[in-house]
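What follows draws every value from the coordinates through simple rules; no lab data is involved. Please read these numbers as outputs of a predicted model, since none were measured by experiment. Here the Cβ is made from the backbone with ideal geometry for all residues, glycine too, and neighbour counts use every protein chain on show.
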Ligand code: EPS
């Protein structure tokens, strides 16, 4: 049963993004500066597009927190879209007067019928019966990950109480493994109107053993992490520990031998091919994930596609975009993993106040 749960809402060019978190214990210190610094990190990275120059994402907490501490009530978070100023008419919640020429021009300009390969556009338009793909793009945009970053930052405030740390690093962008080369690849892709993907690593340290369980499929922590990370737009692979390399390792090479440190009263391993997870449970070693992101499907140099109105061949729509958003994606992946671990800790060491949970945890 999920303890830490959340929902987000909001369109990329709507008024704001929202999230409601439920299941947080009372008396948890909520560090708003830390949440905002996570949002800033998500906005950064080499290869980001024009939108990030408009936005200065920061949270407004609207409920569930008093004098910087949670009360146990649901926490409502809002992030304003500064760009909304430019979209008030085409993204109006209320009906607009289409007989007014100026209004209809603004609405028509933002209408999309040329679907982008690789994006949610076509399947979304068919599924939700939309003639204007704007109604799909607005919610399927990766802008939504700003909300998840904020929720993840709240989860991180919780994890910090237990000394759990988190980090991520870029491994590869396109064919480059070295940071100068990565920048060059991004510059070239940008010049060519193209985009780039890559892979990055996320590491969580100092997690207790026994988060998750083998007793049923939906309680395995590796499955929960994979689902959480796969739900981030553009993710194509999630590997844990040795990941895909496990295919070529022999059992004797793959499995991490077990030792016991009598002074520390602790089991340990000298290797970590398991990536900190065995039998669907954390084993006390670092949890290590390698995550692969595809290149963003919104390209200045668009691919061949079809206009869904005329059914005629057309090159796809170009909406301002990033050349590479890998660094941002790593921040979002950390956030999603933090949410999974916060939930697992609440499940295992449960309590209604942070004091009660800490007492159980450190017992
Ligand atoms: C994003 C905001 C979006 C895009 C990007 C990520 O803003 P806009 O559409 O106004 O430029 O920059 O999203 C996509 C391109 C996509 O395909 O999802 C953000 O806040 O991260």
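Arrange the following residues from fewest to most other Cβ atoms within 10 Å of their Cβ: 101, 108, 278. So the ranking, lowest neighbour count to highest, is 101, 108, 278. So if R0 is 35 Å, what FRET efficiency would residue 123 and residue 69 give, r being the distance between their Cβ atoms, rounded to the nearest 0.05? It comes out at approximately 0.20. Between residue 300 and residue 94, the C-beta separation translates, for a Förster distance of 41 Å, into a calculated FRET efficiency of about 0.75.
Remind me, relative contact order of segment 298-337 in percent, using alpha carbon pairs under 8 angstrom and six or more residues apart? Working shown, then result.
On the way: 31 pairs, mean separation 13.5, N = 40.
About 34 percent, as a whole number.
Against the chain, whose longest principal axis comes from its Cα atoms, helix 221-230 is set at around 20 degrees.
Computed from Cα atoms, the angle from the helix 32-43 axis to the main principal axis of the chain rounds to 60 degrees.
Please list 281-294, 336-349, 204-217, 233-246 highest first by mean number of surrounding beta-carbon atoms within 10 Å per residue. It would help to have the intermediate numbers written out before the result.
Values: 281-294: 21.7, 336-349: 23.4, 204-217: 15.5, 233-246: 17.1.
Highest to lowest by the protection proxy: 336-349, 281-294, 233-246, 204-217.
Over the chain, dividing the summed -39,500 (n - 2.57) contributions of all DSSP H runs of at least 4 residues by the number of residues returns a 222 nm mean residue ellipticity of -9500 deg cm²/dmol.
So for each of 2-8, 196-202 I average, over its residues, the number of other beta carbons within 10 Å; can you give me the resulting order with the highest mean first? Walk me through the intermediate numbers first.
On the way: 2-8: 17.1, 196-202: 21.3.
My ranking of the peptides, most packed first, is 196-202, 2-8.
Take the convex hull of the alpha carbons in the chain; its mean projected area over all directions comes to 21.6 nm².
For segment 72-158, what class follows from the C-alpha gyration tensor (a ≥ b ≥ c being the square roots of its eigenvalues): rounded when a/c is under 1.5, otherwise prolate if a/b is larger than b/c, else oblate?
Numbers: a/c = 2.77, a/b = 1.60, b/c = 1.73.
Oblate.
Pairs of Cα atoms nearer than 8 Å and 6+ residues apart set the relative contact order; for segment 174-333 it is 32 percent.
Helix 145-160 and the longest principal axis of the Cα set of the chain meet at an angle near 20°.
Once C-alpha pairs closer than 8 Å and six or more residues apart are averaged by separation and normalised to the residue number of the chain, the relative contact order reads 24 percent. Applying 1/(1 + (r/R0)^6) with R0 = 45 Å to the Cβ-Cβ distance of residue 40 and residue 262 gives a FRET efficiency near 0.50. Using a ≥ b ≥ c from the Cα gyration tensor of segment 128-191 (square roots of the eigenvalues), is it rounded, prolate or oblate, where a/c under 1.5 gives rounded and otherwise the larger of a/b and b/c decides, a/b for prolate? The shape class here is oblate. Applying 0.36 nm per residue to the separation of residue 311 and residue 353 and subtracting their alpha-carbon distance, the gain on full extension is 9.3 nm.
Take the alpha carbon gyration tensor of segment 237-363, find the square roots of its eigenvalues, order them as a ≥ b ≥ c, and report rounded if a/c is under 1.5; if not, report prolate when a/b exceeds b/c, else oblate. List each step's numbers first, then the result.
Numbers: a/c = 3.72, a/b = 1.87, b/c = 1.99.
Oblate is the answer for segment 237-363, as a/c is 1.5 or above yet b/c matches or exceeds a/b.
Computed from Cα atoms alone, the Kirkwood hydrodynamic radius reported for segment 26-133 is 17.6 Å.
The spacing between segment 64-79 and segment 249-305, judged by their C-alpha centroids, is 34 Å.
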